[in-house]
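Each reported figure results from applying straightforward, stated rules to the coordinates on display, with no laboratory input. The structure displayed is predicted, hence computed values, not measured ones. Positions of Cβ are generated from backbone atoms using ideal geometry, with glycine treated the same way; all protein chains shown enter the neighbour counts.
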Amino acid sequence: MSISVQHISKSFKEVTALKDISFEVKEGELFGLIGPDGAGKTTLFRILTTLLFADKGTATVAGNDVVADYKQIRNSVGYMPGRFSLYQDLTVEENLTFFATIFGTTLEENYDLIKDIYVQIEPFKTRRAGKLSGGMKQKLALSCALIHKPKVLFLDEPTTGVDPVSRKEFWEMLKRLQKKGITILVSTPYMDEAALCDRIALIQDGKILQIDTPETIANQFPKKIYDVKADNMYLLIESLKEYSHNHSVYPFGEFVHYTDQRDDFKPQELTAFLQSKGLKNIYINTTQATIEDAFMELAK
Amino acid sequence: MNNQNVIEAQKLTKKFGDFTAVNAISFKVKKGEIFGFLGANGAGKTTAMKMLIGISKPTSGEAKVVDYDVYTQPELIKNNIGYMSQKFALYDDLTVRENITFFGGIYGLKRSEIKQKAEELINELGLHDVASDLVGSLPLGWKQKIAFSVALLHEPKIIFLDEPTGGVDPITRRQFWEMIYKAAHEGTTVFVTTHYMDEAEYCDRVSIMVNGKIEALDSPTELKKQFQVASMNDVFLKLARG
């Protein structure tokens, strides 16, 4: 196991940030912690990177205990915190050299590992980090986290606030790093990114809701799920919420995802109900559940 | 200005030195519309929005927001719009009720109006138990819902939302969009930026900015047809990097 977390709990005064969290990440795995702000993801990252003590439980990273062997862990992991944490007044190149020196290595020694990422910011290597765009900061932070060739990479919400194109590029980079044998633990609030991980843990309010492959979690969705559409979205949502047999009603892009309480649900009855509410061009059809549907069902 | 439009921009441009952040964008937003304003990071969305809300003077071009000119009447624009962003919305060190009172006062509401509106808002969002709690102690999703309601206190004609749902859990994100639908249904125009492409599908019309220009503007259905793809995410991926 590359990461092993056993019954970790952590509270800050009266706020419980993590409640009895356990999971394992295999060597070379790309493992996603999927959950919204305030779920406890950052607290968990800080415990695993030895920056914070847990109240209860144990954890090991690359075979080292997070309390007893914290020095070994600090040498063998890369950590990219959610908030940009590089030196704003140093240039791109100075930041990289600084982090390389701290870890007793050089930019040249591990250039191969960061090459793909670094070439994209190399044209700006004399620019101060504070003056970079969001996408470039992210690439520099990742380069700095990789400069000492870590065994395990911790990425705390690397794509939050990043546009879909840059997010896609970032995940392609992660896949390439994984091929080089690095274990990656990444957190994200974007449910569509969950599908790109080998396995995921859905986390909310400090508790793990489920751990499995993204396909399994989506396939295990307990209800038949329907795409519903009509000419007036606002009225459609209001009407579906009013329908007494509904189990869940969630806007989902151009459709509303609807589940019914009954096993013998007949879409025609719902069509008739929606017509009686004055809706037109009604479309109801079964659809495939996504990770986001699964998350909402579990978090309900 | 056509009285069905609440925003009209004509060749609106903003330059910083020799860098053109917003390059001659022209578009109209209709009353009661949910208008999605999309683009990659650095495409010029925030700069464009700052001009529309009256806090940044354009370099050239024209724009009218709620009948007022962005060059000469920025204060009137500010009185008639609401604004909230992911980064700043409410004061963490004030309670829920104090925030409502403060923003009500800023927007020039009378004391009696503020009192009444505060009760309505607390009722509607079910905030009785936390009305005297500091906003900083609340979950992000709650804060964003309160911030949205606060931005509507003075019954603005348009509300500008800058990535209002970033990092918010999926259920609250949907409740937030239901609030948007409700506001639009009641006649408020909603101008919204987002990085969630499923949210782009919720908009009546969507514009996509690329390198300072608007490269596409239509309903999600038409955009998907035009680019022959199945989702707004694919439209965005096709466009945003040229």
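General observations
- Model label zone, residue A:89; criterion: amide N under 17 Å from point 7 Å along Cα-to-beta-carbon; scope segment A:114-151: A:127-132
- Relative packing of B:209-220, A:210-221, which averages over residues the other C-beta atoms within 10 Å, highest first: B:209-220, A:210-221
- Using a cut-off of 31 Å between Cα atoms, the listed pairs A:131/A:300; B:45/B:224; A:139/B:87 include A:131/A:300 as exceeding that distance.
- Shape of segment B:61-207, Cα gyration tensor, a/c cut at 1.5: oblate
- Legend: mean number of C-beta atoms from other chains within 10 angstrom of residue C-beta atoms, peptide A:291-300, equals 2.
- Mean Cα-pair separation over length for segment B:5-239, i.e. relative contact order, pairs under 8 Å, 6 or more apart, %: 26 percent
- Basic side chains Lys and Arg get +1 at the Cβ, acidic Asp and Glu get -1 at the Cβ, and with that the dipole of chain A about its Cα centre reaches some 540 debye.
- The mean number of Cβ atoms from other chains found within 10 Å of a Cβ in peptide B:172-182 is 4, as a whole number.
- Per-residue Cβ neighbour rank within 10 angstrom, fewest leading, B:20, B:194, A:290: B:20, A:290, B:194
- Mean shadow area of the protein assembly as shown over all directions, Cα convex hull, nm²: 26.5 nm²
- Along segment B:187-196 the Karplus relation, 6.51 cos²θ - 1.76 cosθ + 1.60 evaluated at θ = phi - 60°, assigns HN-Hα couplings of x, 6, 7, 10, 10, 9, 10, 7, 9, 8 Hz to successive residues, with x for each Gly and Pro.
- Legend: calculated FRET efficiency, residue A:245 to residue B:76, from the Cβ-Cβ distance at R0 = 45 Å, rounded to 0.05, equals 0.35.
- When you count the other C-beta atoms within 10 angstrom of each residue and take the mean per peptide, A:278-286, B:112-120 line up highest first as B:112-120, A:278-286.
- FRET efficiency for residue A:215 and residue B:229, using Cβ-Cβ distance with R0 set to 22 Å, rounded to 0.05: 0.40
- Ranked for footprinting exposure by Cβ neighbours inside 10 Å, fewest first, A:118, A:87 give A:87, A:118.
- Three-way shape call for segment A:44-198 based on the alpha-carbon gyration tensor, with the a/c threshold at 1.5: oblate
- Whether segment A:225-299 is rounded, prolate or oblate, judged on the alpha carbon gyration tensor where a/c under 1.5 counts as rounded: prolate
- Cβ-Cβ FRET estimate between residue B:18 and residue A:126, R0 fixed at 25 Å, reported to 0.05: 0.80
- Contact order relative to length of chain A, as percent, for alpha carbon pairs under 8 angstrom and 6 or more apart: 20 percent
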